[in-house]
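> This is the structure, below, for whatever I ask next.
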Amino acid sequence: MKLNKYFLAAGALALLASSCDDVLEETPRGIYTPEYFKTEKGVMGGLTSQYTHLRQIYSTYFYAWLECGTDEYTYAQSADNNFKDVDFTGVGQYNSTSSRSDNMWGAAFTNINTANGIIENGEAANLDASLIAEARFFRAFDYFQLVQIFGGVPLDLGSGELKFNTSKSRTSVRNTVPEVYAAIFADLEKAVADLPEKARKTGTVTKTTARLFLAKAYLTFAWWLENPKGIATYPACDRKALSGKSAQQYFQMAYDMAMDGINNPGDYGLNATYYETHLGSNDRNKEWLLYADHTEADEFYDGQNHGYASGGAFDQIFVWFPTSNYCNIKTADGVAIGREAAQEYGRPWTRMAPPIDVFTKTFADKTNDSRFDGTFVGVYHANWHRNGDSAMEHEGANGLKIQRDGAVLSFIPQVEGIDYSKNGAGVGAGILPDRADYVIGYEDLNRIIYPGLWKLGTYRTDNNGGMGSPNGGITRPTLLAKFSEFYLVAAEAAVKGATGAQSARDLVNVLRARAGKWVYSNADHVAKVEDYSAEMIAATPATIDIEYILAERSREFFGEGHRRLDLMRTQMYKEIAGTYRIAGNGYGDHVAETFTRDFKDHNWLAPIPQGQLDAMEMTDDEKKAYQNPGY
């Protein structure tokens, strides 16, 4: 691949905590050289940049690739081709110039090369083995994402496999999938052995973090070996592990490693409720194993504008994509819901919309299961009092009054008699007798007004009682991995035949019981102390299959960037996301259509970005062979 002699550093790292003794500190540096990596300061600087690069990947349009075009999201009314191309419904083209998986490719190899330098030079710099293990974790993390997305990728960046590149190279050779996974396993197994039980700084990786990703890598490789749908791999090779182990052995290894994580949590574990796991004021809690950190305290270290972000490389704006055009929702006397820097609101870009079946099937239980209320904005509330209007109430539907902070628009289960004829709330909402709020039934959702994504929404501490800065880059950390995933990784492996002390149903029910515990209702803005754990467990099927595991993963991780890789790993994309239902682009559109995705066999792998191919000094035939088939 095209590599310069020295790789650009990823940039300045966000502060990871308020305490000066518990943060990663970095003086921004433009490049890392071989000489610099021979010093302890150089190695430590490179190590800090490993965390920074997560912000480069998980900021803007890579999120569109991870989520849009799955059963969780389709394109919304204001979407451009960053979203339409990956929907596979004839509204765009998915190719080597349009796939936003290029964000991952573009950021990963620079970071891998930095990790190579740390690992090679760490001992010479008298670096502790636990610090070298952090670099091993991130090298494996990047390769794991790459191999899932693109298939086999190069381990040699110009100076030898897994070596720090110090030469200019304009060519590249892709390794096979088993070769890449062998490197991933070696790094993660060493990371599990050498990382500490407790994080050295807030947000740094530990044994627990490494165990989760090693369990996921074992699980994903087991699926690849089994290959139930007979999907082609690239570069072409036998579906055999270099170790000689079978798919079933890797499923068992995934189960065992996930159970090790559950039984040896260190400082991590499940929160008592789902709600508190995603509450903005409770960010960086014990359930968060890995995140791309951000800070409200300093724009420079955060790398983005806190007043107005425009989508730059480090702008954390992806939660705007699934935020609908709620600012057009008005009371009957014309008072609009204001744009506010708060979890329920934020900046509406209307680029991604959840299909109807998300609400009628995946989150069918909204009474017992707190995860619907802890994931979505199911009700948009009046906030005029934070926008300079001192009135205690305004006029709503049916001549009734809406109180300040009261419901203006509610999304509700389908009922007879919703009257959409009066363009309710100015957004085509309906009216029901004796209700002051306007309503839209879940079967009537369209691409312009729909429930937003509360769990990842804006959170600021500087609103000072007003609307704050809703157009600024999101200053919350970007959540990448949670402790709860151990349970579903182990459960998935158990469904595939792994054995142990806990069955798939046992493991799933740990999370379902937790989901039945309520402490707060986002819909009503009131405390709600209720426990429906028994009801949740009773509703769990006696036999758990892969479709149920995928449904539970969606309920637990909806919108967190897992979905496309989940469907690719299990080869269930066509069954789960092949069709979806939603109404049109207009406010008054409430007649759902069924859309079928034309997902072709070569789409199981993403295309190698065209920019990579153009940069290499290779023949056209060599470049064609480098590209994944079908592109």
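> How do the helices (runs of 4 or more DSSP H) wholly within the range 26-139 filter down when requiring 3 or more residues that are of a type in the set (S, T, N, Q) and either modelled with pLDDT under 95 or more than 30 Å from L445 (Cβ to Cβ) (or both): which remain?
So the answer is 40-57, 102-121.
> Can you work out which of the residues in the range 313-336 that are of a type in the set (D, E, K, R) and at pLDDT 95 or above is farthest from T295 (Cα to Cα)?
By that ranking, first place goes to D333.
> Does the range 132-145 contain any residue that is over 29 Å from W65 (Cβ atoms) and surrounded by 21 or more Cβ atoms within 10 Å (Cβ to Cβ)?
Yes, because at least one residue in the range 132-145 is over 29 Å from W65 (Cβ atoms) and surrounded by 21 or more Cβ atoms within 10 Å (Cβ to Cβ).
> Right, another one. Being in contact with a strand residue (DSSP E or B) (Cβ under 6 Å, 6 or more places away or on another chain) and not acidic (D, E), is that true of even one residue in the range 253-261?
The answer is no; no qualifying residue exists.
> Hey, among K240, K245, which residue is part of a loop (DSSP other than H, G, I, E, B) and without any contact (Cβ under 8 Å) to a residue 60 or more places away in the chain?
Exactly one residue qualifies, and that residue is K245.
> Can we say G374 is modelled with pLDDT of 95 or more, more than 29 Å from N81 (Cβ to Cβ) and crowded, with 20+ Cβ neighbours inside 10 Å?
It is true that G374 is modelled with pLDDT of 95 or more, more than 29 Å from N81 (Cβ to Cβ) and crowded, with 20+ Cβ neighbours inside 10 Å.
> Turning to a different aspect of this structure: Under 6 Å between Cβ atoms, which residue pairs at least 6 apart in sequence (or on different chains) link something in the range 97-120 that is open to solvent by less than 10 Å² (accessible area, probe 1.4 Å) with a partner that is of a type in the set (K, R) and part of a helix (DSSP H, G or I)?
Correct list of pairs: I112/R139; A115/R139.
> Ok, one more. Would you check if Y520 is touching a strand residue (DSSP E or B) at 6+ places or on another chain (Cβ under 6 Å), open to solvent by less than 30 Å² (accessible area, probe 1.4 Å) and within 30 Å of K330 (Cα to Cα)?
For Y520, the condition - touching a strand residue (DSSP E or B) at 6+ places or on another chain (Cβ under 6 Å), open to solvent by less than 30 Å² (accessible area, probe 1.4 Å) and within 30 Å of K330 (Cα to Cα) - is not met.
> Does R386 fit the bill of being touching a residue at least 40 places away in the same chain (Cβ under 8 Å), on the phi < 0 side of the Ramachandran plot and among the basic types (K, R)?
yes
> Let me ask another. For the range 326-346, does any single residue satisfy the condition of being more than 20 Å from the chain's Cα centre (by Cα), open to solvent by 30 Å² or more (accessible area, probe 1.4 Å) and under 21 Å from T277 (Cα atoms)?
No, there is no match, as no residue in the range 326-346 is more than 20 Å from the chain's Cα centre (by Cα), open to solvent by 30 Å² or more (accessible area, probe 1.4 Å) and under 21 Å from T277 (Cα atoms).
> Find the residue count for the range 413-430, including only residues that are within 19 Å of V377 (Cα to Cα) and either more than 34 Å from the chain's Cα centre (by Cα) or buried (at least 19 other Cβ atoms within 10 Å of the Cβ) (or both).
6
> OK, next. What about F109, is it aromatic (F, W, Y) and on the phi > 0 side of the Ramachandran plot?
no
> Determine which member of the set A425, A481 is of a type in the set (G, A, S), farther than 30 Å from A254 by Cβ and in contact with a strand residue (DSSP E or B) (Cβ under 6 Å, 6 or more places away or on another chain).
When all the criteria are applied, what remains is A425.
> Quick one: which of G584, G611 is among the small types (G, A, S) and part of a loop (DSSP other than H, G, I, E, B)?
Just a single option satisfies the conditions, and that option is G584.
> Just checking, which of K455, K361, K401 is under 30 Å from A577 (Cβ atoms), basic (K, R), open to solvent by 30 Å² or more (accessible area, probe 1.4 Å) and modelled with pLDDT of 95 or more?
From the options K455, K361, K401, the qualifying one is K361.
> For residues in the range 565-588 being in contact with a strand residue (DSSP E or B) (Cβ under 9 Å, 6 or more places away or on another chain) and buried (at least 18 other Cβ atoms within 10 Å of the Cβ), which is nearest to L146 (Cα to Cα)?
Per the stated criteria, the residue is Y580.
> A follow-up question, please. So N271 fits all but one of (1) among the polar types (S, T, N, Q); (2) buried (at least 16 other Cβ atoms within 10 Å of the Cβ); (3) over 30 Å from R200 (Cα atoms); what number is the exception?
The one condition N271 does not meet is (3).
> Then there's this: Mind checking which residues of the range 523-570 are among the basic types (K, R) and touching a residue at least 12 places away in the same chain (Cβ under 8 Å)?
Those that are among the basic types (K, R) and touching a residue at least 12 places away in the same chain (Cβ under 8 Å): R553, R555, R563, R564, R569.
> With the checklist (1) among the aromatic types (F, W, Y); (2) under 30 Å from R211 (Cβ atoms); (3) in contact with a helix residue (DSSP H, G or I) (Cβ under 7 Å, 6 or more places away or on another chain); (4) not in a loop (DSSP other than H, G, I, E, B) in hand, flag the one item F359 doesn't pass.
With (1) among the aromatic types (F, W, Y); (2) under 30 Å from R211 (Cβ atoms); (3) in contact with a helix residue (DSSP H, G or I) (Cβ under 7 Å, 6 or more places away or on another chain); (4) not in a loop (DSSP other than H, G, I, E, B) applied to F359, the lone miss is (2).
The values are calculated or read from the model by the stated rules, or taken from the named source; none is laboratory data. Just so it is clear, the structure is predicted and the values come from calculations on it, not from any experiment. Heads up, the Cβs are rebuilt from the backbone with ideal geometry, glycines too, and the neighbour counts pull from every protein chain shown. SASA here: full protein model, heavy atoms, side chains in, ligands and nucleic acids out. Shrake-Rupley method; radii C 1.70, N 1.55, O 1.52, S 1.80 Å.
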